[in-house]
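Trainee: My structure is below; once you've seen it, I'll send some questions.
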Amino acid sequence: MLPTRRNSFNSIIYFCTMTEKRTELQDLGEFGLIRHLTDSISLQNPTSKVGIGDDAAVLDFDAEDEVLVSTDMLVEGVHFDLTYAPLKHLGYKAVVVNLSDIYAMGGVASQITVSIAVSNRFSTEALEELYVGMRLACERYQVDLVGGDTTSSTSGLIISITAIGTVAKGQRVLRSGAKEKDLLVVTGDLGSAYMGLQLLEREKQVFQGAPGAQPNLEGYDYQLERQLKPEARKDIIDMFNELGLQPTSMIDVSDGLASELIHLGEASGLGVQLYEDKLPIDPSTFDMAREFNLDPSVCALSGGEDYELLFTISQSDYDKIKASPHFSVIGYMTETKGAYYLIDKQEKVHEITAQGWDAFLEKRKEDIDPDKQPASE
Ligand SMILES: [Mg+2]
C-alpha cells in the first residue's frame, strides 16, 4: 500500500522566479521590510508569549518538557537553485526541513525564527512569495514565527532558520539508543525527491540551451512535489503516541538512507543489516529511475531529501507497526560496530559506506542482467 499523497500548491512550475511588479527593497528599508513581511503573523501556540516586535521573543514551556533547538542554513547555489525552485516552495521547504529535525527527536515543533540575507537582485514582491511559503508551512505544522533578522547580502539569498520544540521528559529519541537486534524501520518511501531533482536538472540543461523553452515536467508530479515541497512527518510522532510506541533511536532522512543509518549505527555502537527488497520505493519512482538509467535502489539509498523518519524499535514492538502502511521494516541492528551491509535481491552482500553508492553501483553493474537493462538515451 502506498502512503497518502498530499495536496500540492496547485501552482504550475515554470522557469521564471521573479514576479512582474517590482518594488525595490530599499524603498521599504529594513524595518519597513520586516514589518511588511511579518505583518499578518499571529501567534497560535500557548507557549509563544511574545513574538516579533520586541528585542526578543518570550516563550513559556511546561516544566515536564524538555526544549529542543535545531538550526539550519540554506545558501543559494549550494542548497537551492532558483532556476527551478519557486520562492513560495523554497520558503515552505526551508521551514519544513527544520521542523523535520525536531520530529526526529520525537518532539513537536512550536516556534521558528527566520533570518535572511538578500541581495538587491530580489524585489519586495519576490520576498513576499518566500514568506507566503513560510507562512503556509507555519499554518500546516502549527508553529509560530517569533523572530529573526533581515540583512543585505552582496550576492544571492541565504536563509537561516532555527526551529524550537518540546518533548516530554523521558520521551526524547536520540541517535544513540538502538540495541542489538532492534528492527530498523523507515516511514513513507525513498528516492522520489532525488528523481525530482534529476528531472529538474535535466530540464534546466535544455532551458539553458534554448532560453524561453518551458520545461517538460508532465507526469512526474509526485517526484517534483517531493523535491520542491516536501513534508515533514509530524503525523508519525502523533502515531507513536497513539500506538504507545517509543523508538529506541531515530534520525530524519535528509542526506540519504545510507548515510543516516550509518549515523544511527555509529551513535549506538552497532552495525546494520539492510535488505534491498524491503526498501520502500514508489512504483512511479522505480519506473522513472529506470527511464533515467539509474538503479532505483541506489536512488533510495543515497538520494536524500526524503525527510522521512528512520528509527529502530525493539522486536517486541513489531506488532504495533506491522499493520500500518506508513512503516517499512528494512533491516535490523547487529552486534559489530561499523559493519554496515546490504543484502541485495540475489542475496549477495554489499558493504554500505556513507558516500558509498559508488562501490554499490560498481557491484550492481556487474550483477544486472544486460538484457533487463533499459535502453540508454
Ligand atoms: Mg536531521
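Trainee: Please work out which one of (1) outside the structural domain of residue 350 (by TED's automatic domain parsing); (2) within 16 Å of residue 328 (Cβ to Cβ); (3) of a type outside the set (Gly, Ala, Ser) is the condition residue 253 fails and give its number.
Mentor: Against the list (1) outside the structural domain of residue 350 (by TED's automatic domain parsing); (2) within 16 Å of residue 328 (Cβ to Cβ); (3) of a type outside the set (Gly, Ala, Ser), residue 253 comes up short only on (1).
Trainee: Being surrounded by fewer than 24 Cβ atoms within 10 Å (Cβ to Cβ) and over 18 Å from the mean Cα position of the chain (by Cα) narrows it down to one of 277, 282, so name that one. Steps first, please.
Mentor: Numbers: 282 fails: over 18 Å from the mean Cα position of the chain (by Cα).
Result: 277 is the single residue among 277, 282 that is surrounded by fewer than 24 Cβ atoms within 10 Å (Cβ to Cβ) and over 18 Å from the mean Cα position of the chain (by Cα).
Trainee: Of the conditions (1) within 19 Å of the chain's Cα centre (by Cα); (2) over 30 Å from residue 322 (Cα atoms), residue 236 satisfies every one except a single condition; which number is it?
Mentor: (2)
Trainee: With (1) farther than 27 Å from residue 233 by Cβ; (2) in contact with a Cys (Cβ under 9 Å, 6 or more places away or on another chain); (3) among the acidic types (Asp, Glu) as the list, and residue 144 as the residue in question, which single condition is left unmet?
Mentor: All conditions pass for residue 144, except number (1).
Trainee: Hey, another quick one. Report yes if some residue within segment 129-152 is in contact with a Pro (Cβ under 9 Å, 6 or more places away or on another chain) and acidic (Asp, Glu); otherwise report no. First the steps, then the outcome.
Mentor: Narrowing segment 129-152 to residues in contact with a Pro (Cβ under 9 Å, 6 or more places away or on another chain): 129, 133.
Still in the list and also acidic (Asp, Glu): 129.
Yes, that holds for at least one residue.
Trainee: Also, quick follow-up: Working only within segment 228-265, note down all residues that are more than 14 Å from the ligand (Cβ to nearest atom) and farther than 18 Å from residue 317 by Cα.
Mentor: 228, 229, 231, 234, 235, 258, 265
Trainee: Using beta carbons and a limit of 7 Å, which pairs, at least six apart or on different chains, have the first residue in segment 78-107 and assigned by TED's automatic domain parsing to the domain that holds residue 254 and the second one at pLDDT 95 or above and assigned to a helix (DSSP H, G or I)?
Mentor: Hits for this filter: zero, empty list.
Trainee: Which one is surrounded by the fewest Cβ atoms within 10 Å (Cβ to Cβ) among residues in segment 172-216 that are among the polar types (S, T, N, Q) and free of Cβ contacts under 8 Å to residues at least 40 places away in the same chain? Spell out how you get there, then give the answer.
Mentor: Here is the first cut: in segment 172-216, the ones among the polar types (S, T, N, Q) are 176, 187, 192, 198, 205, 208, 214, 216.
Going one step further and asking which of them are free of Cβ contacts under 8 Å to residues at least 40 places away in the same chain, we end up with 205, 208, 216.
On the way: 205: 8, 208: 11, 216: 11.
Only one residue fits best here, namely 205.
Trainee: Follow-up. Test of understanding: among 104, 94, 56, 109, which residue is at pLDDT 90 or above and surrounded by fewer than 18 Cβ atoms within 10 Å (Cβ to Cβ)?
Mentor: Numbers: 104 fails: surrounded by fewer than 18 Cβ atoms within 10 Å (Cβ to Cβ); 94 fails: surrounded by fewer than 18 Cβ atoms within 10 Å (Cβ to Cβ); 109 fails: surrounded by fewer than 18 Cβ atoms within 10 Å (Cβ to Cβ).
Going through 104, 94, 56, 109 in turn, just one is at pLDDT 90 or above and surrounded by fewer than 18 Cβ atoms within 10 Å (Cβ to Cβ): 56.
Trainee: Further question on the same structure: Mind telling me which of the residues 238, 255 ends up being closer than 30 Å to residue 60 by Cα and out of contact with any helix residue (DSSP H, G or I) (no Cβ under 8 Å at 6 or more places or on another chain)?
Mentor: Numbers: 255 fails: closer than 30 Å to residue 60 by Cα.
Being closer than 30 Å to residue 60 by Cα and out of contact with any helix residue (DSSP H, G or I) (no Cβ under 8 Å at 6 or more places or on another chain) holds for just one of 238, 255, which is 238.
Trainee: Any idea how many residues of segment 306-323 are more than 18 Å from residue 272 (Cα to Cα), among the hydroxyl-bearing types (Ser, Thr, Tyr) and buried (at least 16 other Cβ atoms within 10 Å of the Cβ)? Break it down stepwise before answering.
Mentor: Step one: of segment 306-323, the residues more than 18 Å from residue 272 (Cα to Cα) are 306-308, 316-317, 319-323.
Now drop any that are not among the hydroxyl-bearing types (Ser, Thr, Tyr), which leaves 307, 316.
Next, only the ones that are buried (at least 16 other Cβ atoms within 10 Å of the Cβ) stay: 307.
Matching residues across segment 306-323 total 1.
The values are calculated or read from the model by the stated rules, or taken from the named source; none is laboratory data. Every value quoted in this text rests on a predicted model; they were computed, and no experiment measured them. Cβ: placed from backbone, ideal geometry, glycine included. Neighbour counts: every protein chain shown.
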